[in-house]
1. So the label point goes 7 Å from the Cα of Asp243 along Cα→C-beta, right? Which residues of segment 253-294 then have their backbone N under 16 Å from it?
2. For segment 259-272, what does the Karplus curve 6.51 cos²θ - 1.76 cosθ + 1.60, with θ = phi - 60°, yield as ³J(HN,Hα) per residue in whole Hz, taken in order and with x for Gly and Pro?
3. Under unit Cβ charges (Lys, Arg +1; Asp, Glu -1), what dipole magnitude, rounded to 20 debye, does segment 250-294 have relative to its Cα centre?
4. Using only alpha carbons, build the gyration tensor for the chain and give me the equivalent ellipsoid semi-axes, biggest first, whole Å.
5. What part of the accessible area of segment 243-301, given as a whole %, is carbon or sulfur when the probe is 1.4 angstrom?
6. List the trypsin sites (Lys or Arg not before Pro) in segment 247-306 that DSSP assigns to loop (not H, G, I, E or B) and whose Cβ has at most 15 other Cβ atoms within 10 Å. Which are they?
7. Along Cα→Cβ, 7 Å out, is where each label goes; now give me the distance between the ones at Thr45 and Val187 in nm to one decimal.
8. What number, in percent, do you get for the relative contact order of segment 88-142 if the mean sequence gap of Cα pairs under 8 Å and at least 6 apart is divided by its residue count?
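The values are calculated or read from the model by the stated rules, or taken from the named source; none is laboratory data. Note that this is a predicted model, so its numbers are computed, not measured. Cβ sites come from the backbone with ideal geometry, for glycine too, and all protein chains shown count toward neighbours. Side chains are part of the model used for accessible areas, which takes the heavy atoms of the whole protein and leaves out ligands, DNA and RNA. Shrake-Rupley method; radii C 1.70, N 1.55, O 1.52, S 1.80 Å.
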Amino acid sequence: MPLLRRRSVFAAKVETTVGTAESITAAEGAYNARDVMIQPAIAVTRREGQGGFNYLAGIPEGMMGTCTIVHDLAYDGTTIPTWASVLLPACGWVDTAGTFSPVSSGPGSNGVKTVTLAHYKDGKQIILSGAMGTFTITCPTGKVAFITFTFTGKYSTNETDTAIIAPTYPTTLPMRFAPGVLTWNSVNLCTATVTVDAGNSVIMRECVDVANRTGYKSAIVTNRVPVITADPESELVATQDRDAKWLTSIPEAFSMRVGVAASSILIAAPKAQLENKQQGNRNDMMTDELTWLCTAGSAADTELTIAFD
């Protein structure tokens, strides 16, 4: 019997104990996720045989995997959505009064979490545990803004034949990147697309445990380099001297609001330094291809925040 890709459901749950898989129920299927994919990443050690060019049966190495999902940015103005409350802390962004800020800590401390991720796919289930990740927010002007997560975790069990859960899908409509606000150095940027890349470095923690076949304890974020890219219309030097900002290393405040003030998501980088500026062309209109590094703000872990207003 053929299995259909579209008959699938994504679920995720914060782990009480770092690296220990949680039981997944329909309550954890509260996402309108798309393009979901969990892929095992397991090398096999080849064993040379004797007496010829033959090989013996290989031995699996560390058992890990990756999970990618895409989720439209949606927020009802009251309750922080599950795509943020569950998945952002597993990327090292922790909530304080509705504002998610990066935290330089391993999982299990200072609000940083690991998650168990499940993908139900037309009668089968595949799971990653002890997962942490990174994300990229993409905001095409006039279209739906979305976030792409990439997680790394333990492939602690084989996929199983399991019925698809009946999730509770969010009903809040996704946000278009219009109306909104987009400024750098207090100058409006007329752009076709903006991307915000968390830039996390995620590795697996090797560990031997009697009840763990994978060879890993969990994933961990060991570094981050948040970067913003955009392609705004070119401006006269009198309006914004982008060369001067770039070549004299002067960081300025970056602010992007998706949605209206009553229910919006505000992404802010207080010290966004222009790292590159190249000339672009949008249907014979001059643009600037800009890249900013989100540098240190007034204190550690303030270089990039995501606020639910």
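1. 276-280, 287-289
2. Running phi through 6.51 cos²θ - 1.76 cosθ + 1.60 with θ = phi - 60° gives x, 8, 4, 5, 8, 10, 10, 10, 9, 9, 10, x, 9, 7 Hz.
3. Working: 4 positive and 5 negative charges, 37 e Å.
Dipole size: approximately 180 debye.
4. Over the Cα atoms of the chain, the ellipsoid semi-axes are 38, 23, 19 Å.
5. Of all accessible area on segment 243-301, carbon and sulfur atoms account for 51 percent.
6. Details: sites: Arg257, Lys271, Lys277, Arg282; in loops: none.
Answer by residue number: there is no such site.
7. With each label placed 7 Å out from Cα toward Cβ, I get 5.9 nm.
8. On the way: 73 pairs, mean separation 15.9, N = 55.
This gives 29 percent for segment 88-142.
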